[in-house]
Amino acid sequence: MTTPAIPEGVKRCGSRQFLLWLGVAALVVLWGVYAMYRIWFYGLNQTNMNNAYGFALWIWADLAVIALGGGAFFSGFLAYIIGLKNVKNIINFAVILGVVCYTSALLILGLDVGQPLRGWFIFWHANVHSMLTEVAFCLSVYLGVLIIEFIPVLLENPKIQKVRFFHHLSHNMHEIMAVFAATGVFLSFFHQGSLGGVPGVLYGRPFAFREGLFVWPWTFFLFTWSAAAVGPLFTASMCRLTEAITRKKLVKDDVYHLLAKISGWMLLTYIIAKSIDTIYWATVTAPSMGFALMDFYSNNPLYNIWILVAEIAVCGFLPALILITRKGRENKKLLFGAAILAIIGLLINRWVMVLQVMAAPLMPFQEEWFMYSPAWTEVATSILPIAYGIILISLAYRYLPLFPQEKELNPGN
Amino acid sequence: MEKIPSHTKKRHFGMVIDLDKCTGCASCMVACYSENNISFRDEESVKMLSTNWIQVFKLTNGKPFPDTEVCYLPKPCMQCDGKHFGHSPCVSVCPAVATDFDYPTGIVSQIYTRCFGCRYCMAACPYHARKFNWWDPVWPADMEKYLSPDVSPRMRGVVEKCTFCYHRFQRARQQAYNEGRPEDIREDEYQTACTQACPSNAITFGDLDNPDHAVYKLKNSRYAFRLLERLNTNPSVYYLSTREWVHRAADNYLEHEQPAFSEEQQA
Amino acid sequence: MKIDRRCFLSLAGGLVAGHLLSPVPWKVTDDLSIWTQNWPWTPVPETGPVAWKETVCTMCPGGCGIKVRMIKDRVIKIEGSEDYPINRGSLCPLGYSSIQYLYGPSRVTSPMKRTGERGSGKFEPVSWDEAISEVSGKLDALRKNGQSHTVACISGSDKGTVPLLFKRFLEAYGSPNFIRTPSGQDAHETAAYLAQGHSDKNVGFDLENATFILSFGCGLLDGGGAPGYQFSTYSRFDRRHTLVQVEPRLSNTAAKAKKWLAAKPGTEGALALGLARVIIENGLYNRNFIENHSFGFEDWTDDNGAIHMGFKRMVSEYTPSRVAGITGLEARQIESLARDFARAQKPVAVCGYNECRAVADIDKTLAVHALNALVGNINQSGGMIVFPDPEYTVSPVEKDRIASTGLTKPRADMAGTDKYPQSRYLLNLLPDILMSAKESDLPVQALLVTGANPVYTLEDSTTAQAAFAKIPFIVSFSSFMDETAQYADIILPDHHFLEGYRDVPPPEGVGKPITGLSKPVVSPRYDTRNTGDTIIDIARKMGGSISNSFPWDGYEAFLKEALKDQYRDLSRNGYVENVEKPAALDVAFATDSGKYEFYPTRRHTTGNGDEAKLPGFKETDVPGKETSGGVILIAYKSPRIASGAVANPPFMTKTIDADMLKKEKLFIQINPETAGKLNLKQGDEAVIETSAGKASVKVDLYDGIMPGLAAMPAGLGHTAYSRYIAGKGVNVNALLQPVADPTYGINKAWGIRAQLKKA
């Protein structure tokens, strides 16, 4: 008798249904792959970017997936460094989500550069002063760490476990995982921050520019902080979504509550810091360059002041306050409602820090805002990671013991 | 005996553009296309997809007819010195050192074969001086014949920008070297294509730090200003205008603020 | 050995791992990036020894000296020549971009014969022998039929040796129909004839020595006229110089002027008279000139004892307040302008040249000439200069009987006929004449076109196209596939100016008689011939007296003979100055009185009396019906758009602002006030309709244009050349309509009534 590929003691759907599910996702992936072909073969003229919008949807998507993928490092930090054992129940899922997010980020970066075949110049001819260099180095190394973190999970597959070498490898890797987790946390603090530094150092762009500490603008710290706050909420939400799709409980509620509580406090402190930063920027930094706050928001339907209100109040303070109260986080609807708000807030933040920076006119004789809407190629390649993530997570869920609590929560399978 | 002054070794090239003189004719733009092998397409009206190393903008004072005034403003790369000398907004962000601040000349370079097209420099430049090669450059029929070997045509997927015709500096330096005066490049030996092309002599080019050069005096004129000076980019391109509204249009001011130059003060 | 799955996988895995550990991936990565740095489809220009060659640009009639940077046999760059006396280093964008016409897809690369519909651009290449035989055969047949006078030649200029060859050809052949395209010269030549008695002299303005330039709508800095000369003049302006621009729209020239006076269009003549009145009233005129060299200033008595009104009495009616009423300016402005003008060291008043339309208001031109006469600047440094054409020394034409008969026939364009006795060329009338003529009795049976693109540049171009389509045989001598070439039956392509010899006659409007020589800097790239050679070949082929009239081996031989002594200087210096000094005032005027005639006694008028002769202000109405919500459309010149016989090269199109052209749509400028009335906003799609045509445009709100007017740039909306040139915007000529001056026939309409509606 051959060993089943599905982990022992858990129930999975039939292979026909599974293939159908994968097929739908694969179609979306194919669409994205076709867009990739157009872009790599014909060049970036296939997008709607232009010389005013050198950074556009893709850079936003990059910042967004990396921030959301931050769940991996922060859960790792909580589980291995702080030693919150309960978090280990979701850490496998967080790691695989991280792998999806970070590989997607690299793929999008590979599309976004005009000369992908020379992309490695960023390492070879590195400019140590550039935030992007810092991002590239930390990102690549951290992706390596994530893969190392992912390998033991992969090796848990019953078929692979049968090979003696892999069995022992997996065992030994579990032993040293804390070291890698720590490395990952360190790297993440840096690249999340560097990503914040990307807009923050642009002193020619008063909308983005922030003063800071030594070489790091305040956005450096705000980006790390917000990724740490919202990343785990994204992990939790995706986990909850997996539960909804599989119609199974996979993680105990106290795991969610713990993550929500930590994230709630992180989010609250972040949004306070962000508010202080915004006030300082609006009253000191920007005016020194001749800009009043409303210069950045008026005169445009997409980027009016409501986008700031939405980011800070509706998607910042509101979810933070829900999550720090026991009643709030123990109500499932409120908990995940707040999580979704927080995620939207993070997405808005990354959006304005990229696209509004490009949109705001700087020269007074240039009154018009630069407008941009993505081309289908940009949309397709930005959706591609979602479909690819669905496929990878589905495969992982089907063939790997991602959730240690699953057997216990779903007895009788 | 003529002494070679020590400041010729380190130069700081810059431009002074007299906006009262500029007629907006675009000869500078066309001369630049021709000098620097700038490609063109059949569709060039979407300006943010069009490659121009120098572009002439039209400014109006916003007053109704017949008190309307118009001013033309040519905008090359500002060759910013940056917040700290050499820390130009674009140079400091380039991850692959494909653009660099050349300390001996003060010119911001661009290495097309190094650039891998991340466009971070474009995001950093408040002047939109940098242009991306969205398409492969194509010279229809036999137009490749007119390309200059002094400036390499850029491949698709890289960023390009005004270089103050650096190849002309190299040519002048070579000439001076050949003539046994390696450090002594005369003012008229190195002029950019746009400076020479301006049919109304609105552009002056030279070493901003050399008191013998015309730009040295002009940049200190009370009519001189720079574009978006308040961003602390420290551009090497100066403008002259006797009109207050032009000074105001060149930078951002809060409601209660005034540009340094005012016509009333002058009167 | 049996290879099972496990073994295969291990092998494959080992192979991959082995390669990864080897230098192969690194080498491949490196090679790939080196490949991207040397993409074979990104050109690498060949290098080589550099040479500079001097010549003269002929892309427009401006006659700028240029230097050409060459690498081997390739033209790399064109720059203005500092030593050339016209442009003194300045050069316009068209001059810089002219390499894009030497190379590129717009060239006609060999003689062509039309195979498709007129205008469809379908041609087949033919040999020179075949093409010339076809042309001479057609012309010969017409001549044998006694229809030699039905052959016409349209030329962009009537000066220089190539037009001279065409004139000579028509003379030997027997046709009076050499027609110059309309230009600012028309009105100035007429005014010079009326006030100074010269029938074929050039009127120029010595702008470079003037200290006060009063421009009545001249696009001095808008790329018209002789742009190099005008730009170089302006570039040397300092605090002592003043430029005043009178124009209803804030043009580039107006923007650079010390003062911009937005007089209502069509009222410039009244302003000139108002200024004259202030000058006379205050005794600021030049007494020596008025007393010794003028006629008709004061009232005068003719031989019959009748008293005639003088200029002084006539202008006395143009009080500042009345002129203010007519022009929309303030009386105070008019008075101070008149004083500043008259008191300036070297004032000059200019009009007519450099406008994008050839609007020939004879009264206005006479009034402006009179202003110059009042300040006594005629033939003075910094003034209005009148000088003759360069002299050519060629043997007289041999005419046979057919030629002599043909030459006595009236011209097809009615110039010089009883109706328009004092006009020389009236191309603007030709389309209507052709349209109303019967097919059998068409006054033009064959047409030669050289240095002109009338199918595009003639106003009401739709009618012009229909009219040209009726002409049975059209020959184009264009180097480029322009609109008229597309209408031609045979194209006999000329060299690009960098490939052949040509003399460059003094540019119109320039106050110094300089002739230049355009020399080949590269050998011809294609199977083209100098038009001078081609016309000699055609003449030779036709035999008889025509052939006898062209005894030269080729154009160069003719050029040398025609220019005689000047040729040596020309080929050595690139230019010659034809006359040393303008004529002294005692011999300057060829009028009956021998003086400058403020009262132009020779003027051909329909009515009698002093009113008709004197240049009083008469309101000129523009064509079209007046409707509520209407605008008056005017064309304007932009220095970034070539609007003459040669279309805008891609480099210039690249410089056009986004508020002028967006994709294929042209922007029409209107004042925000006008926009409010028409319910239009910035960027709105709109339709403009006139009696001549209709076009869809976008709206650009511009404070600098007079309310009630709508302005479109001239020079866009081409349909020929190449895809880099065609299909951009609208040809404003398709919306305009000329109105013939009743006594001179030249166009006097400065605008046209139009309906502008939201699309």
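The values are calculated or read from the model by the stated rules, or taken from the named source; none is laboratory data. What you see is a predicted model, and the numbers here were worked out from it, not measured in a lab. Every residue, glycine among them, receives a Cβ derived from its backbone with ideal geometry; neighbour counts consider all protein chains shown.
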Inset, instruction - For the stretch B:89-104, name all the residues that are within 17 Å of A:Leu202 (Cβ to Cβ) and at the interface with another protein chain (Cβ under 9 Å from one of its Cβ atoms). - result: B:Pro89, B:Cys90, B:Val91, B:Ser92, B:Val93, B:Cys94, B:Pro95
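Can you tell me which residue is nearest to the other protein chains (Cβ to nearest Cβ) among those in the stretch B:113-142 that are aliphatic (A, V, I, L, M) and surrounded by fewer than 21 Cβ atoms within 10 Å (Cβ to Cβ)?
Of all residues in the stretch B:113-142, those aliphatic (A, V, I, L, M) come to B:122-124, B:129, B:138, B:141.
Now drop any that are not surrounded by fewer than 21 Cβ atoms within 10 Å (Cβ to Cβ), which leaves B:138, B:141.
Values: B:Val138: 8, B:Ala141: 4 Å.
Per the criteria, the residue is B:Ala141.
Within the stretch C:12-25, is even one residue surrounded by 12 or more Cβ atoms within 10 Å (Cβ to Cβ), among the small types (Gly, Ala, Ser) and either assigned to a loop (DSSP other than H, G, I, E, B) or within 14 Å of chain B (Cβ to nearest Cβ) (or both)?
No, the stretch C:12-25 contains no residue that is surrounded by 12 or more Cβ atoms within 10 Å (Cβ to Cβ), among the small types (Gly, Ala, Ser) and either assigned to a loop (DSSP other than H, G, I, E, B) or within 14 Å of chain B (Cβ to nearest Cβ) (or both).
C:Arg424 - would you say it is within 21 Å of C:Arg168 (Cβ to Cβ), at pLDDT 95 or above and not hydrophobic (A, V, I, L, M, F, W, C)?
On the way: within 21 Å of C:Arg168 (Cβ to Cβ): yes; at pLDDT 95 or above: no; not hydrophobic (A, V, I, L, M, F, W, C): yes.
Taking the combined requirement at face value, the residue does not satisfy it.
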Inset, instruction - Consider C:Pro431 carefully, then state whether it is outside any helix (DSSP H, G or I) and in contact with an Asp or Glu (Cβ under 9 Å, 6 or more places away or on another chain). - result: no
Inset, instruction - Within the stretch B:205-214, track down each residue that is of a type outside the set (Asp, Glu) and either surrounded by fewer than 23 Cβ atoms within 10 Å (Cβ to Cβ) or part of a loop (DSSP other than H, G, I, E, B) (or both). - result: B:Leu208, B:Asn210, B:Pro211, B:His213, B:Ala214
Legend entry - Odd one out for C:Thr462 among (1) of a type outside the set (D, E, K, R); (2) assigned to a helix (DSSP H, G or I); (3) modelled with pLDDT of 95 or more: (3)
Legend entry - Scope the stretch C:155-184; condition of a type outside the set (A, V, I, L, M, F, W, C), in contact with a Phe, Trp or Tyr (Cβ under 9 Å, 6 or more places away or on another chain) and in a helix (DSSP H, G or I); matching residues: C:Thr161, C:Pro163, C:Lys167, C:Arg168, C:Glu171
Legend entry - Wholly enclosed helices (runs of 4 or more DSSP H) of the stretch A:41-143 bearing at least 3 residues modelled with pLDDT of 90 or more and more than 30 Å from B:His87 (Cα to Cα): A:88-112
Legend entry - Some residue of the stretch C:587-597 being out of contact with any Ser or Thr (no Cβ under 6 Å at 6 or more places or on another chain) and crowded, with 23+ Cβ neighbours inside 10 Å: yes
Inset, instruction - Please find, among C:Pro421, C:Pro410, the residue that is out of contact with any strand residue (DSSP E or B) (no Cβ under 8 Å at 6 or more places or on another chain), in the same structural domain as C:Ile179 (by TED's automatic domain parsing) and under 14 Å from C:Val151 (Cα atoms). - result: C:Pro410
Inset, instruction - Looking for whichever is within 11 Å of chain B (Cβ to nearest Cβ), over 25 Å from the mean Cα position of the chain (by Cα) and free of Cβ contacts under 8 Å to residues at least 60 places away in the same chain here; the options are C:Lys681, C:Lys677, C:Lys663. Which one fits? - result: C:Lys663
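Residue by residue, here is whether (1) outside the structural domain of C:Ala262 (by TED's automatic domain parsing); (2) closer than 24 Å to B:Val70 by Cβ; (3) at pLDDT below 95 holds:
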| residue | (1), (2), (3) |
| --- | --- |
| C:Asn648 | yes, yes, yes |
| C:Thr653 | yes, yes, no |
| C:Ile668 | yes, yes, no |
| C:Glu673 | yes, yes, no |
| C:Glu685 | yes, no, no |
| C:Val699 | yes, yes, no |
| C:His718 | yes, no, no |
| C:Ser722 | yes, no, yes |
Legend entry - Residue within the stretch C:282-293 that is under 17 Å from C:Leu374 (Cα atoms), outside any helix (DSSP H, G or I) and among the hydrophobic types (A, V, I, L, M, F, W, C) present: yes
Inset, instruction - Could you list all residues from the stretch A:110-165 that are within 25 Å of A:Trp216 (Cβ to Cβ), more than 14 Å from chain B (Cβ to nearest Cβ) and of a type outside the set (A, V, I, L, M)? - result: A:Tyr142, A:Gly144
Inset, instruction - Read through the list (1) surrounded by 20 or more Cβ atoms within 10 Å (Cβ to Cβ); (2) basic (Lys, Arg); (3) in contact with a helix residue (DSSP H, G or I) (Cβ under 8 Å, 6 or more places away or on another chain), then give the number of the only condition that C:Lys698 fails. - result: (3)
Inset, instruction - Return yes or no: is C:Val203 touching a strand residue (DSSP E or B) at 6+ places or on another chain (Cβ under 8 Å), buried (at least 21 other Cβ atoms within 10 Å of the Cβ) and away from chain B (no Cβ under 11 Å)? - result: yes
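Considering each of B:Ala197, B:Ala172, B:Ala176 in turn, give the residue that is within 30 Å of B:Asn37 (Cα to Cα), buried (at least 19 other Cβ atoms within 10 Å of the Cβ) and away from chain A (no Cβ under 14 Å). Full working, then the answer.
On the way: B:Ala172 fails: buried (at least 19 other Cβ atoms within 10 Å of the Cβ); B:Ala176 fails: buried (at least 19 other Cβ atoms within 10 Å of the Cβ).
After applying the criteria, what remains is B:Ala197.
Of these, A:Ala273, A:Ala292, which one is closer than 30 Å to B:Leu228 by Cβ and within 14 Å of another protein chain (Cβ to nearest Cβ)?
Numbers: A:Ala273 fails: within 14 Å of another protein chain (Cβ to nearest Cβ).
It is A:Ala292.
Which residues, counting only those in the stretch B:15-60, are of a type in the set (D, E, K, R), outside any loop (DSSP other than H, G, I, E, B) and without any contact (Cβ under 8 Å) to a residue 24 or more places away in the chain?
Narrowing the stretch B:15-60 to residues of a type in the set (D, E, K, R): B:18, B:20-21, B:35, B:41-44, B:47, B:58.
Of the ones still in play, those that are also outside any loop (DSSP other than H, G, I, E, B) are B:18, B:35, B:47, B:58.
Of everything in the stretch B:15-60, just one residue is of a type in the set (D, E, K, R), outside any loop (DSSP other than H, G, I, E, B) and without any contact (Cβ under 8 Å) to a residue 24 or more places away in the chain, namely B:Lys47.
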Inset, instruction - Note down all Cβ pairs under 8 Å where the first residue falls in the stretch C:364-390 and is within 18 Å of C:Cys351 (Cβ to Cβ) and free of Cβ contacts under 8 Å to residues at least 60 places away in the same chain, the second is assigned to a loop (DSSP other than H, G, I, E, B) and β-branched (Val, Ile, Thr), and they're at least six residues apart or on different chains. - result: C:Asn372/C:Ile378
Legend entry - Checklist (1) buried (at least 24 other Cβ atoms within 10 Å of the Cβ); (2) among the hydrophobic types (A, V, I, L, M, F, W, C); (3) outside the structural domain of C:Pro443 (by TED's automatic domain parsing) applied to C:Ala415, failing item: (3)
Legend entry - Test: residue in the stretch A:195-202 that is crowded, with 18+ Cβ neighbours inside 10 Å and closer than 30 Å to A:Leu335 by Cβ: yes
Inset, instruction - Please go through the stretch C:90-112 and pick out each residue that is assigned to a loop (DSSP other than H, G, I, E, B) and either within 18 Å of C:Ser476 (Cβ to Cβ) or acidic (Asp, Glu) (or both). - result: C:Pro105, C:Ser106, C:Val108, C:Thr109, C:Ser110, C:Pro111
Legend entry - Residues (of a type in the set (A, V, I, L, M, F, W, C), out of contact with any strand residue (DSSP E or B) (no Cβ under 7 Å at 6 or more places or on another chain) and in contact (Cβ under 8 Å) with a residue 40 or more places away in the chain) located in the stretch C:226-271: C:Phe231, C:Ala262, C:Ala270
Inset, instruction - State all residues of the stretch B:143-164 that are in contact with a strand residue (DSSP E or B) (Cβ under 9 Å, 6 or more places away or on another chain), of a type outside the set (S, T, N, Q) and either under 22 Å from C:Trp35 (Cα atoms) or away from chain A (no Cβ under 14 Å) (or both); if no residue qualifies, say none. - result: B:Lys145, B:Tyr146, B:Leu147, B:Pro149, B:Asp150, B:Arg154, B:Gly157, B:Val158, B:Val159, B:Glu160, B:Phe164
